[in-house]
Amino acid sequence: MNSAITDTEAQGQDITAQSGRFWVVTYLAITGLVLLLMMVFGLLMRLAQAGWLAIDPSLFYEIMTVHGVGMVGIASLGGVAVMWHFLARYVSLRAGVLAINLVLFLVGVVAMLAADFIGGFAAAWTFLYPLPAVSGSVWPAWSAELHLFGLLLVGVGFLLICLEVGRALIAEYGGLGRALGWHKLFFNSDDNVPPPAAVAAAMVVIVDTPALIAGAAVIVMSLVNLFAPTIAINPLLAKNLIYFFGHVIINATIYMAVIAVYELLPRITGRKWKTTRVFLAAWTLSTTMVLVIYPHHLLMDFVMPTWAMMLGQVLSYINSFPVLVVTGLGALAILHRSGIRWDLVSTLLFISIFGWMAGVVPAVIDATVVVNSVMHNTLWVPGHFHFYLLLGLLPMIFAVMIHLARNEDVTPRGGDLTAILYLLFGLIFVIMFLAGGWASVPRRWAVHLEQWQIWDKVASVMAAGVIVIATIFVVMFLARIPGMLRQK
Ligand code: HEM
Ligand SMILES: [Cu+2]
């Protein structure tokens, strides 16, 4: 780092750090509130499927669209907040980008809410071509246009974040390869070795930038098709672009949020999370693989080239393991004989590692062609991704919220029972999805047969439990905001 910082520079950095903190807190507050709202929407869907609540099917699909795109969007916003908060200690980030992204995000969200709830757009967060334009007059073209336009704004905002984080990493480490620690990995050089937070951020920049560009490209193509229906798109190309975008974006949310594990467990236990060569190799491997395994979403598209499918299946098996293993083993190594006294933050972090690891198992099972031909489009799919998002990603974000609410003081203060209740409710909730999938209950159906509803009913009760506990976490955070902002 630069040792000759002048007073004005130092002052400038201090102000940047302060405004960075303001935006991170704002991001997390919005994340908490939107998460709760989207969870309630999820509960409404589950209640409708259980037969306990009458919802018009077209409203169900509107809610499903809002819940899907809303959760993915807010997971990204929360992930950015976590990444930014910790990364800002190592590289110099310009907080103004957070403000610009937030404006684009909020305008985009308002556009999508209007398009879906007023215009009736309900083509799911995957907006698969040509559905937006061919709704069988369920929704007018303007609502599809407005929704896609809103999504485009949100994507552009996140692209700006990626560019800024990429710029800061390059400025500090001299290149994205060096931010991934390649000089240490390949040449065993100990020169300015990036901390785990920077390695994860570099991976996110590398994978999210092309994903967001692919997403923007296919959104613009769909918009052109909506305005000029004679201009058609190759549907297979559209599907590839959409799933490349969607797959990478949702995966990257965890790669941002896991920085909380790398930063907080060491502070709690007083031990360092070292950037070893094994750690670096794992992150480099996952960086490349996460980009090429998206065809596991197209395993039933027989027109896809066979090699792409084989790549999708085989690399899906391997993809998650490197980072999962270094994170899981790294956490165990840090915890082993550390004399840790469990409390809310550490328990949430531990749950998050479990939820992420365990949630990957049903995902990998589904990425197998013979299984996929049975499980494709069943509730198995929401089963696996709710597993690692609800029990992997969210606990990481909640842990950071509570950590900030406690003024970053890591003295154990109890509260682990609340976290365990969250795990319990969440686990049974996702198991109900998996059980439905096991019995071949289709996903994305507003109306369920009576014999499926037992799982829907149990899931509804558990979802209510999850919402209560999540509300406690969010309120703990919101209540402490004035104190957080007053702090240096
Ligand atoms: C209390 C918590 C939650 C409840 C009750 C809930 C409920 C639901 C339900 C009922 C569906 C539709 C399943 C179907 O029949 O196909 C769904 C879909 C979905 N959920 Fe959740 N969910 C919750 C949390 C989350 C979280 C935390 C995320 C991500 C961070 C998430 C992301 C999604 C996505 C992406 C879809 C797919 C929508 C689609 O098929 O287009 N959910 N959720
Ligand atoms: Cu995927």
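In the set (1) of a type outside the set (Gly, Ala, Ser); (2) within 20 Å of Trp283 (Cβ to Cβ); (3) out of contact with any Lys or Arg (no Cβ under 6 Å at 6 or more places or on another chain), the condition left unmet by Val193 is number (3).
If the condition is being within 16 Å of ligand 2 (Cβ to nearest atom) and either crowded, with 23+ Cβ neighbours inside 10 Å or outside any helix (DSSP H, G or I) (or both), then the stretch 61-104 contributes Met71, Ala75, Ser76.
Among residues of the stretch 114-136 that are without any contact (Cβ under 8 Å) to a residue 24 or more places away in the chain, those with a Cβ under 9 angstrom from a residue that is part of a helix (DSSP H, G or I) and crowded, with 22+ Cβ neighbours inside 10 Å, sequence gap 6+ or separate chain, pair up as Leu131/Ala144; Ser135/Ser143; Ser135/Ala144.
A quick yes/no check of all residues on (1) in a helix (DSSP H, G or I); (2) under 23 Å from the mean Cα position of the chain (by Cα); (3) within 30 Å of Asn372 (Cα to Cα):
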site	(1), (2), (3)
Leu236	yes, no, yes
Arg267	yes, no, no
Thr275	no, no, no
Met310	yes, no, yes
Leu324	yes, yes, yes
Thr327	yes, yes, yes
Ile334	yes, no, no
Trp342	no, no, no
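Would you call Leu241 of a type outside the set (Lys, Arg), more than 13 Å from ligand 2 (Cβ to nearest atom), in contact (Cβ under 8 Å) with a residue 12 or more places away in the chain and surrounded by fewer than 21 Cβ atoms within 10 Å (Cβ to Cβ)?
Values: of a type outside the set (Lys, Arg): yes; more than 13 Å from ligand 2 (Cβ to nearest atom): yes; in contact (Cβ under 8 Å) with a residue 12 or more places away in the chain: yes; surrounded by fewer than 21 Cβ atoms within 10 Å (Cβ to Cβ): no.
Considered against the rule, which asks whether it is of a type outside the set (Lys, Arg), more than 13 Å from ligand 2 (Cβ to nearest atom), in contact (Cβ under 8 Å) with a residue 12 or more places away in the chain and surrounded by fewer than 21 Cβ atoms within 10 Å (Cβ to Cβ), Leu241 comes out as no.
Those helices (runs of 4 or more DSSP H) of the stretch 374-488 in which 3 or more residues are away from ligand 1 (no atom under 14 Å from the Cβ) occupy 394-405, 416-438, 453-479, 481-486. The set of residues in the stretch 358-370 that are assigned to a helix (DSSP H, G or I) and either within 16 Å of ligand 1 (Cβ to nearest atom) or buried (at least 18 other Cβ atoms within 10 Å of the Cβ) (or both) comprises Ala358, Gly359, Val360, Pro362, Ala363, Val364, Asp366.
The residue pairs whose first member lies in the stretch 295-314 and is under 18 Å from Ala211 (Cα atoms) and more than 16 Å from ligand 1 (Cβ to nearest atom), whose second member is among the hydrophobic types (A, V, I, L, M, F, W, C) and assigned to a helix (DSSP H, G or I), and whose beta carbons are closer than 7 Å, counting only pairs six or more residues apart or on different chains, are Pro295/Ala308; Pro295/Met309; Pro295/Leu311. Filtered by the rule that a residue be touching a Ser or Thr at 6+ places or on another chain (Cβ under 9 Å), of a type in the set (Ser, Thr, Tyr) and under 22 Å from Val205 (Cα atoms), the stretch 262-293 gives Tyr262, Ser286. For the stretch 430-444, filtering for residues that are closer than 19 Å to Phe41 by Cβ, in contact (Cβ under 8 Å) with a residue 60 or more places away in the chain, crowded, with 17+ Cβ neighbours inside 10 Å and not aliphatic (A, V, I, L, M) leaves 1.
A short reminder: the numbers here are calculations on the coordinates, not readings from a lab. Keep in mind that this is a model prediction, so the values were computed, not measured. We place every Cβ from the backbone using ideal geometry, glycine too, and count neighbours over all the protein chains shown.
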